[in-house]
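Written below as structure tokens is the structure these notes are about.
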Amino acid sequence: MDVLHNLLHGFALALTPYNLWMAVVGCFFGTIIGILPGLGPSATIAMLLPFTFGMSPVPAMIMLCAIVYGSKYGGSTTSILINVPGENASVVTTFDGYQMALQGRAGAALGISAIGSFIGGVVGMFGLIFVCVPLVEFSLKFGPAEYFSLIIMGMLTVVFVGGKSIIKSLMSAVIGLGLGLVGSDVVQGAPRFVYGIPELMDGVPFIVLVMGIFGISEVLESAEEKMKMDSIRVPFNKLWPTLSDILQSKWAILRGTIIGFFIGVLPGAGSTLSSFISYGVEKTTSKHPELFGKGAIEGVAGPETANNAACSGEMVPLLGLGIPSSGSNAMLLGGMMLYGLRPGPMLFKTNPDFVWTLIASMFIGNFILIIMNLPMVPLFAYTLRLPYSLLYPAILLICTIGVYTLNDHVFDVWAMLILGVAGYLMKKYDIPGAPMVIGLILGPILEQSLYRALSLAHGDLTTFVTRPISAVLLGISLVMTVTVLFRTVRQVRIQAADDSMMA
Amino acid sequence: MTILGFVPTVTLFVFVILFVLERYPLLKSILYGIIMSGAVFLIFRYWLDIDLPKGLLGL
């Protein structure tokens, strides 16, 4: 009853005109961002964060969350119409979505994608409530030692699952942890790694880092690629899939919802992996796997449902434990922390209005998105005609102004540009940026938890293994590390054997 | 930026990107530079009430 009461109260707050308007604005921008290739939700949140400082936390976070799940809706549009994924989770949609568009069924592909996204998003939100509430009750038993072990486990999962190369992900996370050390010492408050630069006394500014790593680097990369977008036209009256399309997709949508939500809950896995797994499952279970890649509607419905359900699943570790599982969730966590809110179990106790309004707004956001997306897809598709050569100077300007307005320091602008170049090089060498941002955010919390745990245990390091929950979390981390090491060594040996056979 | 001021810097920045990097025609580059800096100035200065740095020309 408590959950229902809180949720209804959350709906009452989320439905106030201003909060509703912020959800609409976030959904609109999210859809546009999803449609525009080369600009992801992480970069957009990074750009918009400084401009939300004048707002209260609830409407600001409603808007930022709406951008994240709105981008998942919009991401499919470019995949289907121009064979270019608007964001990573929509890569799979190009396989069959674009083929459907070439066969004159773009409307059906866009329609089933919106319907699947809606069902995945809404059912995923119920999943979020049912999983998150018991998780919060359980994690209230956590002390500093448990938090330390949990952050270690969360970071390892992000490193092991998140990127193409574990070594590169690990490198990125370690750099992030290192950057998290810059500023004042958490125990004595003494300056640390500031090298006489007063602007670094408060640490590496989170927004400057994310704007550089995600915003500027994405712009540089996209500008280099000089994208030319030629969209397939979709008439307004051909947007609805037929009844047979919906019936054909019903199991794909159901499976996509389940796969997406549970993959989303795992830190580091996220919506991209869920869409690939869903596609694989649909192809395996289909009676006509030969049609996949040639315009099978299940190949659009399953992955699109899965990536939106994963978006709800990703909120479980974020809201319940304070552990972000993707780059965009790290942005949301950073945003909440800038507002003085610390996601995790205590947030449900100290700021229940905030949490439940946010959850309710996500339900409402999914309704807004389906209303906005089904009839307005042709209008959104018009944005693809905007030349990128005009768009990227505008994005660079917004980033620059946003960073400058933080403290009125030109230092921040230079730092952002330098980090932008670093982020661009990271992209070139396939080094993921998300572990770095997660390291920067969680590093100081990790250090504080370590310090508090050791203080409580009078310096006894065995506290991490003698406390049962902490021991289990560290045990899982150890098993993960050993498994990954074993797999890597085996792959290296197989590769070496293949090379010697070739020689 | 403090010498030139925000508006002239943005105009110059957009002009250089479009004319030099994107090979837009000269007049079009100047026009887009003026439009973009004007739009950004109006949005951020008057709508969002952000104090943008002024240069010698007071812009």
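The values are calculated or read from the model by the stated rules, or taken from the named source; none is laboratory data. Since this is a predicted model, take the numbers as computed values, not measurements. FYI the Cβ positions are ideal-geometry reconstructions off the backbone, even for glycines, and counts take in every protein chain you see. Accessible surface areas use protein heavy atoms only, side chains included; no ligands, DNA or RNA. Shrake-Rupley method; radii C 1.70, N 1.55, O 1.52, S 1.80 Å.
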- Item | With at most 12 neighbouring Cβ atoms within 10 Å, loop trypsin sites (Lys or Arg not before Pro) (DSSP) excluded, longest segment of chain A | A:288-503
- Query: Using alpha carbons only, how many degrees (0 to 90, rounded to 10) separate the axis of helix B:6-16 from the longest principal axis of chain B?
  - Reply: 10 degrees
- Query: Assigning unit charges at the beta carbon (Lys, Arg +1; Asp, Glu -1) and nothing else, what dipole magnitude in debye, to the nearest 20, does the range A:369-498 show about its Cα centre?
  - Reply: 440 debye
- Task: Would you kindly state how much longer the chain becomes between A:Trp251 and A:Lys294 on full extension, computed as 0.36 nm times their sequence separation minus their alpha carbon distance, in nm to one decimal?
- Result: 13.5 nm
- Item | Entries of A:Lys287/A:Lys428; A:Lys168/A:Lys287; A:Lys427/B:Lys28; B:Lys28/B:Lys54 with Cα pairs more than 30 Å apart | A:Lys287/A:Lys428; A:Lys168/A:Lys287; A:Lys427/B:Lys28
- Cα centroid separation - the range A:416-466 against the range A:288-316, whole Å: 33 Å
- Note on the structure: Computed on Cα atoms only, the convex hull of the range A:372-424 has an orientation-averaged projected area in nm² of 5.3 nm²
- Message: Projecting each Cα onto the charge dipole of chain A (Lys/Arg +1, Asp/Glu -1 at the beta carbon, about the Cα centre), which of A:Phe51, A:Trp240, A:Leu15 comes out farthest on the positive side?
- Response: A:Trp240
- Item | 13 Å tail of the calculated P(r), the range A:439-480, as % of Cα pairs | 60 percent
- Task: Tell me the label-point distance for the pair A:Ser56, A:Asp460, using the 7 Å Cα-to-Cβ offset, in nm and rounded to one decimal.
- Result: 4.7 nm
- Task: Normalising by the residue count of the range A:237-364, find the relative contact order in percent from Cα pairs under 8 Å and 6+ residues apart.
- Result: 26 percent
- What dipole magnitude, in Debye to the nearest 20, does chain A give about its Cα centre under +1 on Lys/Arg Cβ and -1 on Asp/Glu Cβ? 780 debye
- Note on the structure: Of the residues A:Gly111, A:Ser470, B:Ile50, the Cα lying farthest along the dipole of the protein assembly as shown towards its positive end, which is defined by charges on the beta carbon of Lys, Arg, Asp and Glu, belongs to A:Gly111
- Which of the chymotrypsin sites (Phe, Trp or Tyr not before Pro) found in the range A:16-125 are loop residues per DSSP with 14 or fewer other Cβ atoms within 10 Å of their Cβ? A:Phe53
- Query: Using the alpha-carbon atoms, what tilt in degrees (0 to 90, nearest 10) does helix A:434-456 show relative to the longest principal axis of chain A?
  - Reply: 30 degrees
- For A:Met346 and A:His5, compute 0.36 nm times the residue count separating them, minus their Cα-Cα distance, and round to one decimal in nm. 120.9 nm
- Note on the structure: Projected onto the charge dipole of the range A:134-224 (unit charges on the beta-carbon of Lys, Arg, Asp and Glu, signs +1, +1, -1, -1), the Cα from A:Met201, A:Phe214, A:Gln188 with the largest positive-side position is that of A:Gln188
- Kindly provide the Kirkwood hydrodynamic radius of the protein assembly as shown in Å, to one decimal, from all pairs of distinct alpha carbon atoms. 24.6 Å
- Task: Roll a 1.4 Å probe over the protein chains and send me the accessible area per residue for chain A in Å².
- Result: 42 Å²
- Query: Relative to the longest principal Cα axis of chain B, at what angle does helix B:26-41 sit, 0 to 90 degrees, rounded to 10?
  - Reply: 20 degrees
- For the range A:60-148, what value does the Rg/Rh ratio take when both radii are computed over Cα atoms and Rh is the Kirkwood radius, given to two decimals? 1.19
- Which of the trypsin sites (Lys or Arg not before Pro) found in chain B are loop residues per DSSP with 11 or fewer other Cβ atoms within 10 Å of their Cβ? B:Arg23
- Message: For Cα pairs less than 8 Å apart in space and 6+ apart in sequence, what is the mean separation divided by the residue count of chain A, i.e. the relative contact order in percent?
- Response: 28 percent
